[in-house]
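These notes concern the structure reproduced below.
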Amino acid sequence: MQTWDLIVIGGGPAGETAAMEAIEMGARVALVEQSGKYGGTCRYAGCTPSKTLLHSAEVLHMMRQHAPAVGLPVVNPDWDFRTVLRHKDDVILRTGGEDGYDVPRSFREAGGQTFTGTARFQDSHTLNVAGELLQGEHMIIATGSRPRVPLILGLAEAGYLTWEAIFDLTAVPEALAIIGGGPLGVELSQAFHRFGSRVTVWEAEDMIIPHLCLW
């Protein structure tokens, strides 16, 4: 049985950061990720894909609307949303390291070790990961979250996309209602509006991005 000062469960931003901080303080650290894809929501269903779609939508918008401002003719390109999605996937792979799903190289070089599989507690200091037992003096659970679907009458029957599933679309929807006016909802609303969707944002507060606006 391998023994570690710290075992971190979850290879998203929080787990990666905790593991690296512990390594830098001299601890022996193991990092367990169920999927083998490191980076979590930010890389696969948040920051990276949303910012990539935003950039593609902005370039398209500039070509259509703002070219005359810099002395260029208006261009309305013949474009394909599937090509935009392939570009998004390429960006995710490029930001993921050597094979697209890599943990930061510095973690491995510093002596950290990664394990792929579902972590199950055998006792308070022992994990079973794909049949391998790992023992840790300390544990950090950083397994992230899942989308919470609000209880709205008729939503299940109408069909919906979560903030994870929307990045799997293969065509621009004619109309899109976004429930939640937080940062990701607003980013997606702007991108899909520029791609050609009729977009409505529903937010429970009296302003969009309410928490950011409080600052």
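The values are calculated or read from the model by the stated rules, or taken from the named source; none is laboratory data. Given the structure is predicted, the values throughout are model-derived calculations rather than measurements. FYI the Cβ positions are ideal-geometry reconstructions off the backbone, even for glycines, and counts take in every protein chain you see.
Among the hydroxyl-bearing types (Ser, Thr, Tyr) and more than 20 Å from Leu169 (Cβ to Cβ): which single residue out of Thr83, Thr41, Thr48, Thr116 fits that description?
Details: Thr83 fails: more than 20 Å from Leu169 (Cβ to Cβ); Thr41 fails: more than 20 Å from Leu169 (Cβ to Cβ); Thr48 fails: more than 20 Å from Leu169 (Cβ to Cβ).
It is Thr116.
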Inspect all residues belonging to region 177-188 and state whether any of them is surrounded by 14 or more Cβ atoms within 10 Å (Cβ to Cβ) and acidic (Asp, Glu). yes
Can you find a residue in region 60-67 that is touching a residue at least 40 places away in the same chain (Cβ under 8 Å) and crowded, with 19+ Cβ neighbours inside 10 Å? yes
Can you confirm whether Leu31 is surrounded by 14 or more Cβ atoms within 10 Å (Cβ to Cβ) and assigned to a helix (DSSP H, G or I)? no
Per the list (1) assigned to a strand (DSSP E or B); (2) charged (D, E, K, R); (3) free of Cβ contacts under 8 Å to residues at least 40 places away in the same chain, residue check on Asp5 breaks on (3)
In region 189-214, which residues are at pLDDT 90 or above and surrounded by 15 or more Cβ atoms within 10 Å (Cβ to Cβ)? Ser189, Gln190, Ala191, Phe192, His193, Arg194, Phe195, Ser197, Val199, Val201, Glu203
Return the residues of region 1-46 that are in contact with a helix residue (DSSP H, G or I) (Cβ under 8 Å, 6 or more places away or on another chain), of a type in the set (Asp, Glu) and more than 17 Å from Asn128 (Cα to Cα); say none if nothing qualifies. Glu16
